[in-house]
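Engineer: Supplied in structure tokens, the structure appears directly below.
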Amino acid sequence: MRLLLTGVIAFITSCNSKNDDLTDSVYKAGSVETSVTVEHADSTHDVLITSHRVWANFNEYKTIVYRDTVPALGIENTTAENGDGDTKHISVKKDYEIYITVK
């Protein structure tokens, strides 16, 4: 999940779509572009990645990245469907929900 915020209060939950941006473009004259993702590291750990790209005067001034190891949430059973409509019961790793408040 990728999230871009520009001075709003947002409630976003993690999902499997590739891009859940709230905005299509970033104001590069002066803004901070923030991305929050969680990657599965192994069966007991996930990695929370928070990155900030600072834009000033239409140039990327700096990129700041934080990585934190957090506990994995375990496995859940679900039903998956392929393009032909066939379903199958599978086990997948649980994902964290991401809540962000910007003031």
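Engineer: Within segment 87-103, work out how many residues are at pLDDT 90 or above and out of contact with any strand residue (DSSP E or B) (no Cβ under 7 Å at 6 or more places or on another chain).
Structural biologist: Total satisfying the criteria: 1.
Engineer: Hey, could you check segment 82-103 for residues that are touching a residue at least 40 places away in the same chain (Cβ under 8 Å) and in a strand (DSSP E or B) and say which is surrounded by the fewest Cβ atoms within 10 Å (Cβ to Cβ)? Reasoning before the result, please.
Structural biologist: Looking only at segment 82-103, we keep the residues that are touching a residue at least 40 places away in the same chain (Cβ under 8 Å), and these are 93, 95-103.
Okay, now just the ones that are also in a strand (DSSP E or B), so 93, 99-101.
On the way: 93: 12, 99: 11, 100: 14, 101: 9.
Once the filter is applied, the top-ranked residue is 101.
Engineer: Yes or no: segment 65-81 includes at least one residue that is touching a strand residue (DSSP E or B) at 6+ places or on another chain (Cβ under 6 Å), within 22 Å of residue 26 (Cβ to Cβ) and loosely packed, with under 13 Cβ neighbours inside 10 Å.
Structural biologist: The answer is yes, given that some residue of segment 65-81 is touching a strand residue (DSSP E or B) at 6+ places or on another chain (Cβ under 6 Å), within 22 Å of residue 26 (Cβ to Cβ) and loosely packed, with under 13 Cβ neighbours inside 10 Å.
Engineer: A further question on this structure: What are the residues in segment 38-81 that are under 15 Å from residue 96 (Cβ atoms) and touching a residue at least 24 places away in the same chain (Cβ under 8 Å), if any? Let's see the steps before the verdict.
Structural biologist: Quick first cut of segment 38-81, residues under 15 Å from residue 96 (Cβ atoms) only: 38-41, 44-50, 67-76.
Hits for segment 38-81 are 38, 40, 41, 44, 45, 46, 48, 69, 70, 71, 72, 73.
Engineer: In this structure, does residue 32 turn out to be of a type outside the set (Phe, Trp, Tyr), more than 10 Å from the chain's Cα centre (by Cα), modelled with pLDDT under 95 and surrounded by fewer than 14 Cβ atoms within 10 Å (Cβ to Cβ)? Let's see the steps before the verdict.
Structural biologist: Working: of a type outside the set (Phe, Trp, Tyr): yes; more than 10 Å from the chain's Cα centre (by Cα): yes; modelled with pLDDT under 95: yes; surrounded by fewer than 14 Cβ atoms within 10 Å (Cβ to Cβ): no.
It is false that residue 32 is of a type outside the set (Phe, Trp, Tyr), more than 10 Å from the chain's Cα centre (by Cα), modelled with pLDDT under 95 and surrounded by fewer than 14 Cβ atoms within 10 Å (Cβ to Cβ).
The values are calculated or read from the model by the stated rules, or taken from the named source; none is laboratory data. Owing to the predicted nature of the structure, the values given are computational and were not obtained by experimental measurement. Cβ coordinates were reconstructed from backbone atoms using ideal geometry, including for glycine residues, and neighbour counts include every protein chain displayed.
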